[in-house]
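Read the structure below first, then the notes.
Every number in this text was worked out from the coordinates using simple rules, so none of it is lab data. Quick caveat: nothing in here was measured; it's all calculated off a predicted structure. Cβ sites come from the backbone with ideal geometry, for glycine too, and all protein chains shown count toward neighbours.
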Amino acid sequence: MAIEDSAQEVQTKGFFGHPGGLSTLFFTEMWERFSYYGMRALLVLYMTATAAQGGMGLDTRTATAIYGFYTAAVYFLPLIGGWIADRFIGAKRATLIGGIIITLGHFSLAIPGNFFFFLGLGLVATGTGLLKSNISAMVGDLYEEGDERRDAGFSIFYMGINLGAFLAPFVCGTLATYNYHWGFAAAGVGMIFGLIQYVLGGKRLEGVGEPPAKDDLETTDITPAYLVQLAVLVIVCIGVILLYMFSFASGTTIAEKAGETLSYAIPPVMIIGGLIGVLLTGMQDKLNGDEWKRVGIIVLLFLFAALFWMGFEQSGSSFNLFARDLTDRVVSGWEFPAEWFQSVNALMIVALAPLFSVMWVKWGKSQPNDVMKFSLGLLFLGLGFVVMAYASGLTGAGKVSPMWLVLVYFLHTCGELFLSPVGLSSMTKLAPGKMVGLMLGVWFLASSLGSFAAGVVAGEFEAKQDTLVGLFWNVAIVTFVGAALALLLSFAVGGFLKSKQKNEEVPIEPA
């Protein structure tokens, strides 16, 4: 009994009124995001820099396509990592293994050569697949059902993510001005710090993220009909996407068209297939009607989140190129690195996340439901693209003030805080008990789809006034339409969520 009481005490206090384990996860994720965002700040700039500048010399369309595929993989693989943790090794062990693989990936990027470059991207994506959804699942596990600190805890956790993201571009970006591979190596060192912190703080995570007991996995056998159903659905998705992409693919020969078609079709096919796989897993686990309604809301949030990340992920691609090519970065005769703009969003998150955390706690049960929060997030995102379109219209007279990008990042940061930490919290609250890690994988699957689309959109970037104005206005319009749809749907979904909150012990609305 004394041991149980001690474990309970560890889980209920110790980090600003939150469970002590939150500090371990906070700093582990901080260093992991330091490594990721440090590398991400360099990626497109490294690929588009000439060989004389120490880069790969790729054109913008190719570089942003690689960037889109890579970031899509980073957020697709947590779906598989969450499933592995839920079914076999547990979130705690998956997070450690993922961190080790990420470290190897960053040091591979630090070695010159195309082979090591693509090997490094693959390792970082694979390691992130094991770490990303599972560390978030453990944050949710720190809180009992009905604990009103949950959303505030996720906001604090999210602040840790962005603290690492704020520091990384300064460190890695500054080193990259001397040698890009030094910047990649610095990202690897940051991940080593994260692993050390995670191992040393493991005692605070006692009873969290453990492997599942066999009795908790009451699934039916995988039948031939189940496999046929999965295969047919995936083939249909492949066929539809291939036909669509082929009709728009450019090239002078059938072979060139087919190659471009496959390069654009494979990521969304994998993402859609993954989502179908999640739904079929729910069938295997015999979810009841109420659980299926929760899964339905998760899918709804998935769609709006994918749209959000399509716009937000322009930060590492088209916005990064805008900062390098069209923004006046000279201060007192010295030109600061374009990578430093990647810290602006993170700095604003660190400053604003505590305010949002307090706001959710103060509002309590009277706050908007999750879908309405997503609508607000999309609204702020669209406003940011309106500013980008206006700033692009000023580039005909020369480079523009850096304050335009700062304003855009402020608007996008507000949108992010309405959507991202709320979405993480929603997954842990809505997911059926057997599928928490898997549903967090679905959340990151939305980022995967959005990141892939972001790479395609950024491929249209040209440092020309008319092109950029049209590009950013089109993104703004699409985002505003999504915000309007989310607002309309929030009323119907909100009724279901309120009824669940009233009739069940588990509150569905953020506390």
Long-range amide H partners of VAL400, meaning residues 5 or more apart or on another chain whose placed amide H is closer than 5 Å, are THR327, ASP328
Once you have all Cα-Cα distances for segment 304-388, histogram them in 10 Å bins from zero and send the whole-percent values. 14, 36, 31, 14, 5, 0
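For segment 33-108, take the convex hull of the Cα atoms, compute a quarter of its surface area, and give me that in nm², please.
5.5
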So, in nm, how far is label THR50 from label LEU104 when the simple model puts each one 7 Å beyond its Cα toward the Cβ? 3.8
If each residue's Cβ is checked for other Cβ atoms within 10 Å, how do LEU355, LEU303 rank with the fewest at the top? LEU355, LEU303
Full-extension gain between GLN465 and PHE118, please, as 0.36 nm times their residue separation minus the C-alpha to C-alpha distance. 121.6 nm
Ratio of the Cα radius of gyration of segment 299-458 to 2.2 N^0.38 Å, where N counts its residues: 1.14
Filter on LYS92/LYS203; LYS362/LYS429; LYS92/LYS132; LYS373/LYS429; LYS293/LYS429; LYS132/LYS203 - keep pairs with C-alpha separation over 18 Å: LYS362/LYS429; LYS132/LYS203
Distance in nm between label sites at PHE88 and MET359, each 7 Å beyond Cα in the beta-carbon direction? 4.2
Exactly which GluC sites (Glu not before Pro) in segment 120-198 are in a DSSP loop and have at most 12 other Cβ atoms within 10 Å? GLU144, GLU145
